[in-house]
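Structure first, then comments.
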Number of protein chains: 2
Amino acid sequence: MSESCYITQKPIIIQDVVDRVVRPEAGAVNTFIGTVREFTKGKQTLYLEYQAYESMAVKKMEEICTEIKRRWPDAEPSIAHRVGRLEITDVAVVIAVSTPHRAESYEASRYAIERMKEIVPIWKKEHWHDGAKWIGDQKERQPGVPAKEDIQ
Amino acid sequence: MSESCYITQKPIIIQDVVDRVVRPEAGAVNTFIGTVREFTKGKQTLYLEYQAYESMAVKKMEEICTEIKRRWPDAEPSIAHRVGRLEITDVAVVIAVSTPHRAESYEASRYAIERMKEIVPIWKKEHWHDGAKWIGDQKERQPGVPAKEDIQ
């Protein structure tokens, strides 16, 4: 199996991400799938565009996997993020974490998505009827992680 | 799309369960996948057999979905369980819950698997090198839910 973290322009195959973590030692896989929602605070989204500072984003995703293995030594994580234009209900991100028992799979998966929002340089542009806006997914700035305007 | 809860003898297609809950109102899908683990407390499992009191099991799975919608009114759940002989790493159960935001998808998915263990009449027979044993998955007995020995 190839890398556990990747960015793709094509639709993410959920089974493919899950396959990267399924193993005899695991009895549980928790998967988080982020999909494009039509309405946010009453405003209709037509479609989204995702853009990544790709090499840095993969590096940060791998960093999250390392953090997970430190906190949950028996966990095996995989993270895939899609970039480009995504329509309503399209899958933007898939996180899969396998663990021997289920409690840890939930905890580690939740940790992964929160960290994704914090440190991975992926931005989305929301397109509405009356305009569009780039929205940073990162809550905090980390050394070495540029803001979107820095790489354009 | 067909029923949100089902039991099958064939391998569960994860995408199929996820497809039942993806919708424009949702931005998050949490999926729990239970797989056959090789070692439990140091003892090697060769394979498992799952058996269900099928009509009652589906009814109880639907009951769990109703409970979820009562607790998380914006959630859409789907549950699939496989029966028959399963090899190591095979998928026994898939739960998918979609919600507008991610926190609720984790909570409702976790609720679903805990309730599955509690009230759904599905049993597994562990096969080891030196024997085999039926193991009830239910922690509590509910009125109308028979023990395995009652239906054999």
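The values are calculated or read from the model by the stated rules, or taken from the named source; none is laboratory data. All values reported here derive from a predicted model rather than from experimental measurement. Positions of Cβ are generated from backbone atoms using ideal geometry, with glycine treated the same way; all protein chains shown enter the neighbour counts.
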Query raised in the report: From the list B:89, B:8, which residue is at positive phi and in contact (Cβ under 8 Å) with a residue 24 or more places away in the chain?
Result: B:89
Requested in this report: Quick one: residue A:35 ticks every box in (1) β-branched (Val, Ile, Thr); (2) free of Cβ contacts under 8 Å to residues at least 60 places away in the same chain; (3) away from chain B (no Cβ under 13 Å) except a single one, so which number is it?
Outcome: (3)
Query - Answer from B:103, B:108, B:57 - the residue that is of a type in the set (Gly, Ala, Ser), in contact (Cβ under 8 Å) with a residue 40 or more places away in the chain and within 14 Å of chain A (Cβ to nearest Cβ) - result: B:108
Query raised in the report: If you go through the range B:82-90 one residue at a time, do you hit one that is away from chain A (no Cβ under 14 Å), crowded, with 21+ Cβ neighbours inside 10 Å and either at pLDDT below 95 or farther than 15 Å from residue B:136 by Cα (or both)?
Result: yes
Requested in this report: Pick out the one residue from A:113, A:13, A:68, A:95 that is away from chain B (no Cβ under 14 Å) and aliphatic (A, V, I, L, M).
Outcome: A:68
Query raised in the report: Which members of the range B:37-67 meet the condition of being buried (at least 17 other Cβ atoms within 10 Å of the Cβ), over 26 Å from residue A:98 (Cα atoms) and touching a Cys at 6+ places or on another chain (Cβ under 8 Å)?
Result: B:58
**Report entry** Matching entry among B:95, B:113 (being touching a residue at least 24 places away in the same chain (Cβ under 8 Å), outside any strand (DSSP E or B), under 29 Å from residue B:42 (Cβ atoms) and touching a strand residue (DSSP E or B) at 6+ places or on another chain (Cβ under 6 Å))
**Finding:** B:113
Query raised in the report: Of all the residues that make up the range A:1-52, how many are in a strand (DSSP E or B), among the hydroxyl-bearing types (Ser, Thr, Tyr) and in contact with a Ser or Thr (Cβ under 8 Å, 6 or more places away or on another chain)?
Result: 2
